[in-house]
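For reference, the structure discussed in these notes is given below.
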Amino acid sequence: MSTALGLAIEASAAGDVPVGALVLRNGQVIGRGGNRTVRDQDPTAHAEILAIRQAAQALGSWRLDGCELFVTLEPCAMCAMALLHARLRRVVYGATDPKTGAAGSVLDLFAEPRLNHHTAVAGGVLAEASTRLLRDFFEERRQPYAVVGGVALAAYGILRTTLDLDLAVDRAVQDDAISFMAAAGYETLYRSEGYSNHLHSDPDLGRVDFVYLRGETSQTFFAAVRRVPGPRGRLVPVPSPEHLAAMKIQAMRDDPSRTWQEMADVRALVERADVDRAAVRESFARCGLLERWNELARTL
Ligand SMILES: [Zn+2]
């Protein structure tokens, strides 16, 4: 989504309404577009249309079965119909558009049973409502926190279709955070020293998972947190890519069934030019998973 945000910012710099879209197939970007209505004096030059046009050309087919489109803003009716025609597997958008949104705001073409559609739709990929709620909570208490999981990966340009919010916080705030979640209407599904999971019946608030850090680990981790542009350009605190990778390596040690997905994320992080590979190798070694690192390193 942050790559789509980049395209949106480009559109805005050129005088167009800032909207950016990406088409992915098996995790690879095969089409991208930024809104060019003003630049091209073309009323149909919306980001989604340009992105699916490029994807169809890349595939040599008008059918984009199995593809996913990410767009920063809820699609309009023109784009929604084009996306349905293209038979995308899924459409994921960032912000809702109360003026022209056709995925539920003004009308919902994706839910129209009279249209023969194959496309699932999801909004609020960056978990904006829950992010806002928890940001206020931690900032009021002057407690460090960082967004981890899919939202943090998106900040590093790695798209994962998660609608959950995962937060790393210090262990000292555990009781306080859990009471806050209960007061905000979340049901606590699970709680241990290191994790807690919370679910809200309002899909905008959805699921929130906490990871609790303590001692020296917590200090080092929060000292390296950086603020990057998140939903609607607001700054979101995320861990360094090395720390994000370390969390994924620990997660696969704790639950080996997650290895495949976690390794894909670790690979995407390690492929970034600014990542200290020695530090990532060290995290594998600490978890007794050096063999996994060696497999990965051979193919980098
Ligand atoms: Zn449109």
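The values are calculated or read from the model by the stated rules, or taken from the named source; none is laboratory data. Remember, it's a predicted structure, so these values are computed and weren't measured experimentally. Glycine gets a Cβ as well: all are built from the backbone with ideal geometry, and neighbour counts include every protein chain shown.
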Where in the stretch 1-96 are there helices (runs of 4 or more DSSP H), lying fully within it, with 1 or more residues that are under 21 Å from Ala155 (Cα atoms) and at pLDDT 95 or above?
47-59
Return yes when Glu139 is within 12 Å of the ligand (Cβ to nearest atom), in a helix (DSSP H, G or I) and more than 14 Å from the chain's Cα centre (by Cα) and no when it is not.
no
When the residues of the stretch 42-71 are narrowed to those that are within 11 Å of Val91 (Cα to Cα) and within 12 Å of the ligand (Cβ to nearest atom), which ends up farthest from the chain's Cα centre (by Cα)?
Glu48
Qualifying positions in the stretch 53-95 - among the acidic types (Asp, Glu) and surrounded by 24 or more Cβ atoms within 10 Å (Cβ to Cβ):
Glu74
With the requirement that a residue be among the charged types (D, E, K, R) and touching a strand residue (DSSP E or B) at 6+ places or on another chain (Cβ under 6 Å), what does the stretch 203-222 give you?
Arg207, Asp209
Of all helices (runs of 4 or more DSSP H) fully inside the stretch 237-292, the set with 2 or more residues that are aliphatic (A, V, I, L, M) and crowded, with 19+ Cβ neighbours inside 10 Å is 241-254, 259-270
Matching residues in the stretch 98-123 (within 14 Å of the ligand (Cβ to nearest atom) and either without any contact (Cβ under 8 Å) to a residue 24 or more places away in the chain or surrounded by fewer than 18 Cβ atoms within 10 Å (Cβ to Cβ) (or both)) number 5
Asp202 passes all but one of the listed conditions (1) within 23 Å of the chain's Cα centre (by Cα); (2) surrounded by 14 or more Cβ atoms within 10 Å (Cβ to Cβ); the exception is number (2)
Considering (1) farther than 23 Å from Phe70 by Cα; (2) modelled with pLDDT under 80; (3) surrounded by 19 or more Cβ atoms within 10 Å (Cβ to Cβ), say which one Tyr212 fails and leave the rest.
(2)
Give the residue that is modelled with the highest pLDDT, with candidates limited to residues of the stretch 129-151 that are within 22 Å of Leu73 (Cβ to Cβ) and crowded, with 21+ Cβ neighbours inside 10 Å.
Val147
Answer yes or no: is there a residue in the stretch 199-206 that is closer than 18 Å to Leu165 by Cα and not in a loop (DSSP other than H, G, I, E, B).
yes
